[in-house]
Each structure stands twice: as C-alpha cells, then as structure tokens.
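Working notes, beginning with the structure itself.
The values are calculated or read from the model by the stated rules, or taken from the named source; none is laboratory data. Just so you know, these numbers come straight off a predicted model, no measurement behind them. FYI the Cβ positions are ideal-geometry reconstructions off the backbone, even for glycines, and counts take in every protein chain you see. Accessible surface areas use protein heavy atoms only, side chains included; no ligands, DNA or RNA. Shrake-Rupley method; radii C 1.70, N 1.55, O 1.52, S 1.80 Å.
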Amino acid sequence: MSLEHADRDNSTAEDSTALEAILIGPQLERLCDEFGLTPGELEPDFTGWSKHIIKSPDRVFLFPRHPKYQCSLNVELGLYRLFSEMDQLPVPRLVRAVENRELSPHRFGVVTRLQGTLLGNIEHRLSASDYEEVLRTIGRLAAIWHNFQLGHESDFLKPLSQDFEGDHGDSYRWMYEALGTGSPGEAPDLIASSVRELATEGGTEDFSELNSVSTTGKWRRLLSELSMMDDVLLHGDIHEDQILVRSERDLEVTGILDWGNAGVGNPALEFNFGEWGAEIWRYRETFGKLREIIWGEYLNARGLDGPSWEALHILYTLQELIWTMTARKPIGNEGGPYKSEVRRLLQALKDTTEVL
C-alpha cells in the first residue's frame, strides 16, 4: 500500500530532519543538486508499505524500504515507463530510474507527482452514491489497463499471486482455484455446514435451495464464464489508498497509484472489495449494486458482452462467506455479529441465485 502522491493529515513536512531518515545529509545535498531542488521543497512520507517517499512540488522520489522490496519497485517503474504514451490513464509518468550509490544504495525512481486528494483521507465522509460515482470511473479505467497489450516489453510481469496465510488465506485460495477451474469447489460443503450451524441455534431461514444440484450447476456455469476470460494486466491492489480524486467535493479520479503489486491474471481479481479498508464495508448490503455498476462500466468500456455482474457477485459473496466462516468473524470493522453476517451472505447468495 502506498500513499506517496497525496497529502496526508499527519504530514512530517514540518520536521526537516525527517528527510534524513531516508537520505543522510550528503546524499540529500546531492539529490537536491542533481534535480535542482532545495531541502525546503521536500516532504518525506513514511506511510507506504514497501517504499519511503520524498515529494517535491512536481516530482516524487520512490525508494525501497528494504532490498527485498526492490523487485516490486522495479515492476512499478517498469509499468510507468510502458504507460508513458497512455494519456487517458491517470498514472505517474517515469522521469528517471536512478542507480547512483552516492545518492542511494538502492535503485530508486523519480516520477511525476499527480495532484489530488487521497480517497482514503475522505472515505469516512462518502455516501453509497459517492462510492457508485468513484467505482464507475474505476471500472472504465481498469478497462484501459486491462486492454494493454502484453508483449516482450512486459516480460517482467509475473502471474498475480496472493499470500494464502492468515485468517483470509482459505478464501483467497478458494477464489484463485475457482477462477482457474470454473468450479465452486468446497463452497457447497461449506454452505451446508453453515446452514446446519445456524439451524442448531434456532435459525428459521430456508436456505435449503443453496444445497441443491440446480444451484451448484448455476454457480458452476457463472464461475466457468469468469474462468474463461483471458488474462490481463492487473493492478492487483486497488483500494482507497491507491486512488486520488480531485477534491473532497469533486470525486473525479485523478490518479491510480502504487503499481508494485501488478501482475497478470483473471480480470475478476481486480474487483475485490476485500482489498479495501473498513469504510466501504459500511455499505456491504449494497455490494451487489456496486458490483453491477463497476462490472457494467468495465465490460462496456472493453466492448465485452459478459460474463454477467451476477457472476462477479456470486464469486465474491462465496469468497466472503468462506473468509467469515474460517476466520469466525465478519470482514471489516463495521460488521455485525458473526451469525448475522453469515445469514446476510447466505441471503445474498439465495437472492442472486434465484434470479438466474
């Protein structure tokens, strides 16, 4: 996660010595000489997951936090170079990749600084309709980079992978397998288990149809349609801290940031609300509508007829149910009690499947 281009409420710009946590005095002097800057113009940012940042009024300097993050930074810089001619895509442009041990022991990048407000800074004020507006744009923009023609110049990109460890590991493993095989896999057994669990505690809802051959067949058809989509270039980590908007009042998207996790994979992997923070989960009841909006804009922008938004909604609702059942807690800080969340997800599956 990187917040390198946006202004943060907890900026350390007032503390000039903070810059020396990234570059020591002689290195900082050389950087200023090399790029025609003064220390007073520079602002450090330590909020990135894998990068240290120095911002100037029109440029951003990206340094790996540790040598192990050099590879992801190289991916990011490589993509900014490839995106240089894509004027319709609001991403930083590569100014220069620098290998100079007098400036830094590690290869670092200089990119253009995009203007705007980080969506994560204002997300707590967003309404459901605000999310709809932003996601419409994200759907259209994702179509642009998904249409990017992968060739020998992009050989540095690898298949997108996820860490299958931790509370959500099983759900991510299931999702990748479902998109690879077009099969619901263990999901029906897990649903049968969750329904039995609710029934023993007095649950009266009728979710029996979710355990039917007919339902499993519908899910298999939808997941197969998703699995047959051609692999594309994926940002791989879209969420509120990677999106710049013009201002708190104007939600025009002015930047898509931090491409260090980019890779190649199924298009559906780009639209995972599980990558977002807690705020969007206040509107979990409207996820079906939000997915209909972003997927519809995306397919239309790419000129594709399908799969349907219901396929995306079934995929991620099953993934969220598996996450909840294995972690024994809801996703997001705004979630209700565990049992209520299981019921909500089962009901969403039931409602969506019934109209197929």
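If a residue has to be open to solvent by less than 20 Å² (accessible area, probe 1.4 Å), farther than 18 Å from Asn74 by Cβ and aliphatic (A, V, I, L, M) to count, how many in the range 228-265 make the cut? Final tally of qualifying residues: 8.
Can you go through Ile144, Ile122, Ile138 and tell me which one is crowded, with 20+ Cβ neighbours inside 10 Å and either touching a residue at least 60 places away in the same chain (Cβ under 8 Å) or closer than 18 Å to Asp258 by Cα (or both)?
None of the others qualify; the one that does is Ile138.
In this structure, does Ser127 turn out to be open to solvent by less than 70 Å² (accessible area, probe 1.4 Å), touching a residue at least 40 places away in the same chain (Cβ under 8 Å) and farther than 19 Å from Leu257 by Cβ? Judged against the criteria, Ser127 is not a match.
Condition check: under 12 Å from Leu103 (Cβ atoms) and either of a type outside the set (Gly, Ala, Ser) or open to solvent by 60 Å² or more (accessible area, probe 1.4 Å) (or both). Does Phe46 satisfy that? It is false that Phe46 is under 12 Å from Leu103 (Cβ atoms) and either of a type outside the set (Gly, Ala, Ser) or open to solvent by 60 Å² or more (accessible area, probe 1.4 Å) (or both).
Restricting the search to strands (runs of 3 or more DSSP E) fully inside the range 189-283 and requiring at least 2 residues that are among the small types (Gly, Ala, Ser) and in contact (Cβ under 8 Å) with a residue 60 or more places away in the chain gives 263-265. The single condition from (1) open to solvent by less than 10 Å² (accessible area, probe 1.4 Å); (2) of a type in the set (Val, Ile, Thr); (3) more than 13 Å from the chain's Cα centre (by Cα) that Ile280 fails is (3). Being of a type in the set (D, E, K, R), modelled with pLDDT of 95 or more and open to solvent by 10 Å² or more (accessible area, probe 1.4 Å) holds for only one residue in Glu275, Glu292, and it is Glu292. Look at Leu82 and say whether it is within 28 Å of Gly303 (Cα to Cα), out of contact with any Lys or Arg (no Cβ under 8 Å at 6 or more places or on another chain) and open to solvent by 10 Å² or more (accessible area, probe 1.4 Å). Judged against the criteria, Leu82 is a match. All conditions but one from (1) charged (D, E, K, R); (2) more than 21 Å from Gly202 (Cβ to Cβ); (3) at pLDDT below 95; (4) open to solvent by less than 40 Å² (accessible area, probe 1.4 Å) apply to Glu341; the one that does not is (2). Taking the range 91-111 as the range and being open to solvent by 30 Å² or more (accessible area, probe 1.4 Å) and not β-branched (Val, Ile, Thr) as the test, the residues that pass are Arg93, Leu94, Arg96, Ala97, Glu99, Asn100, Arg101, Glu102, Pro105, His106, Arg107. Consider Asn74 against the criteria (1) at pLDDT 95 or above; (2) farther than 24 Å from His239 by Cα; (3) open to solvent by 50 Å² or more (accessible area, probe 1.4 Å): it satisfies all of them except one. Which criterion is unmet? The single condition Asn74 does not satisfy is (2). Considered as a group, the residues in the range 161-196 that are modelled with pLDDT under 85 and of a type outside the set (Gly, Ala, Ser) include one that is nearest to Phe271 (Cα to Cα), and that residue is Gln162.
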